[in-house]
Amino acid sequence: MNKTGDVDVVILGAGINGAGLFRDLCAQGVSCLIVDKGDFGSGTSAAPSRLIHGGLKYLETGEFGLVAQSTLERNLLLKNAPHYVSPLPTVIPIFSWSKGIWAALRTLLGSTSAPRSRGAILIKIGLTIYDFYGSRHRVMPRHRLVGRRRALSDMPALTRSIVATGTYYDARISHPERLVLELITDGLAANALAAAANYTTLVSSSNGVLTFQSNDGGQSKDGGQSENGTVFSVRPKLVVNAAGPWIDDVNASLGAPSKIIGGTKGSHILLKHDELVRSLAGRMLYFEADDGRICLVYDYLGLALVGSTDIQADNPDTVRCEPQEIDYLLESVRALMPGMSFGRDQIVYAYSGIRPLPASDASVPGLISRDHSAPVVEPEGSRPFPIISLVGGKWTTFRGFAEEVADTILDRLGCRRKVTTRSMPIGGGKGFPTEPAARAAWLADARSASGVDERRLDQLLSRYGTKALPIARHQGRCDNEDRLPGASDYSGSEIDYIVRNEFVEHLADIVMRRTTLAIGGSLTMSDLKQIAAIAGRARSWDPQRMSDELDAAVAQLSDRNLMRL
């Protein structure tokens, strides 16, 4: 941006779709500002099933184009973000041989009722088609089906009512919130004309000028922002509304009221259940609940992640995992593995989000399309800029969605694409050593450069990719190298680096998005106080601010995430 505040593009919303578009536009040399009223990646993008998948279930609704794009983008992410995205063998329990074929045909032809009891024949057909679509840039094995005896021998805890299982491969993402941050920092590194601001609210839109207020003055005990902060204005040529479930609210504030979002709520729980995790042995169970809805359970950071619900909802500011959703998820996994016990006392974390799906009259939320669109509202009256709204989409397809919208924007700006993001590494995925020999060589070089022992470097490499090296160097220079008192694999110097270099404004940013301390179930109150002390020193927080940050973090983690500190 130049000194007059002129900018080519303003992106409102820094979730995965906004961040992906920001990186793409920055790589093309477009001056771009991205802002979010909360932290980067703190809304819907922080509440996925943490999967990078091709969308097997979309075959039922005839969305073959979406499956084709999703499987391609999954394979590209495995190559471009290998530090966070890894293969996930997935097992489908099958309860009949031939059921579901006619129901699937009705759904394919537009029925609004969900298919039930997908049998082995139907699943075999679906997995064969899925393998075909996933053949571009193939990086994982094809599917296989086995009968009941072999399936139960391999996973004895499954209900004995199965007749077979099918196994195919998708992928998981270990740190989705960090990937959002890396897309933004990659964009900033690529373009000196780019800027990013979290905790920044749009306060007015008038005569082509957008005015923002950065809420950097602290946090109240109820989690709200203070009124202090910097006010600034920009004059964009084009505005992108990437606010996810808040899209209609943002369009109204821009003077272009809309009714294009009809979101559904998805909730997940994480269980401390060592027996279940051992039984899964690194695999995901992708199964049908009693009501026909698809559920899943897999090992995430040593916990069993169970999800998800799919309920009509429209208020993302108050979303939380409700008791009836917990009952539904526990009962679903209990029916699948009847020999194990499941209860609320095993829950260490829960989270919910509103999927920003297009408005729909579908009677079954699961049948609302997960495809994306980007409707444009042309300039009108005193608003000289067009507004492009990013509707729908899913985590896996963010790069392809960003590419489509970026091409539209470049055309409107009279610019040409300079580079493609198809083979562009993300953040710590650049130069990431995927083979054992390459990893050993990287660790040896990093030890020479940082003075940190290789065991610790290996841990940091798994956590941050090749971005681990500056963190290790910071640890080598920092006086505080002690591990946190409760979470022994995080150090004070690591937290100090994050606070000083990664747009941290609040204590919750650190434990919920820059690290996996909260969702991984390892956060203790002593850790939280130590992290607050480190952040307080780095950000010059006074005692009242420290107290407010602790109170706000504890309230959020206990009330909305069901975490017992």
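Some values worked out for this structure:
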quantity	calculated
For segment 182-333, accessible area per residue (1.4 Å probe, heavy atoms of protein chains only), Å²	39 Å²
The chain - mean residue ellipticity at 222 nm from DSSP helices (-39,500 (n - 2.57) per run, n ≥ 4, rounded to 500)	-11000 deg cm²/dmol
Gap separating the Cα centres of segment 9-43 and segment 494-532, nearest whole Å	23 Å
Nonlocal amide H pairs with residue 52, under 5 Å, H built at 1.01 Å	171, 172, 173
Stokes-Einstein D in µm²/s, Kirkwood radius over Cα pairs - segment 289-349 at 25 °C with 0.890 mPa s viscosity	192 µm²/s
Segment 1-79 - percent of accessible surface contributed by carbon and sulfur, probe 1.4 Å	55 percent
Estimated vicinal HN-Hα couplings, Hz - segment 452-466 in sequence order (Karplus 6.51, -1.76, 1.60; Gly, Pro = x)	8, 5, 5, 4, 5, 4, 4, 5, 5, 5, 5, 8, 10, x, 6
Estimated translational D of the chain in µm²/s (Stokes, Kirkwood radius over Cα pairs; 10 °C; 1.306 mPa s)	65 µm²/s
Accessible area of segment 381-474 belonging to carbon and sulfur atoms, whole % at 1.4 Å probe	49 percent
Whole-Hz ³J(HN,Hα) from phi, Karplus 6.51 cos²θ - 1.76 cosθ + 1.60, for segment 20-27, glycine and proline x	x, 5, 4, 4, 4, 5, 4, 5
Built amide H within the under 5 Å cut-off of residue 240, gap 5+	10, 11, 12, 388
Relative contact order of the chain, defined on C-alpha pairs under 8 angstrom at six or more residues apart (%)	18 percent
Leading residue at positive end of dipole, the chain (Cβ point charges), from 14, 255, 469	469
Span from the segment 437-452 Cα centroid across to the segment 124-197 one, whole angstrom	30 Å
Above-threshold pairs, the threshold being 32 Å between Cα atoms, out of 237/265; 57/467; 57/418; 272/467; 99/265	237/265; 57/467; 57/418
Check: the chain dipole with +1 on Lys, Arg Cβ and -1 on Asp, Glu Cβ, in debye	1860 debye
Size of charge dipole - segment 234-302 - debye, nearest 20, with Cβ of Lys, Arg +1 and Asp, Glu -1, no other charges	460 debye
Cα convex hull volume per residue for segment 513-565 (Å³)	73 Å³
Cα-based Rg and Dmax for segment 281-435, where Dmax is the largest Cα-Cα distance (Å)	20.8, 66
Segment 424-560 - accessible surface per residue (Å², probe 1.4 Å)	43 Å²
Cβ-placed point charges (K, R +1; D, E -1), dipole of segment 203-333 about Cα centre in debye, nearest 20	660 debye
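The values are calculated or read from the model by the stated rules, or taken from the named source; none is laboratory data. Please read all numbers here as calculations on a predicted model, not as lab measurements. FYI the Cβ positions are ideal-geometry reconstructions off the backbone, even for glycines, and counts take in every protein chain you see. All accessible areas refer to the heavy atoms of the entire protein, side chains included, with ligands and DNA or RNA removed. Shrake-Rupley method; radii C 1.70, N 1.55, O 1.52, S 1.80 Å.
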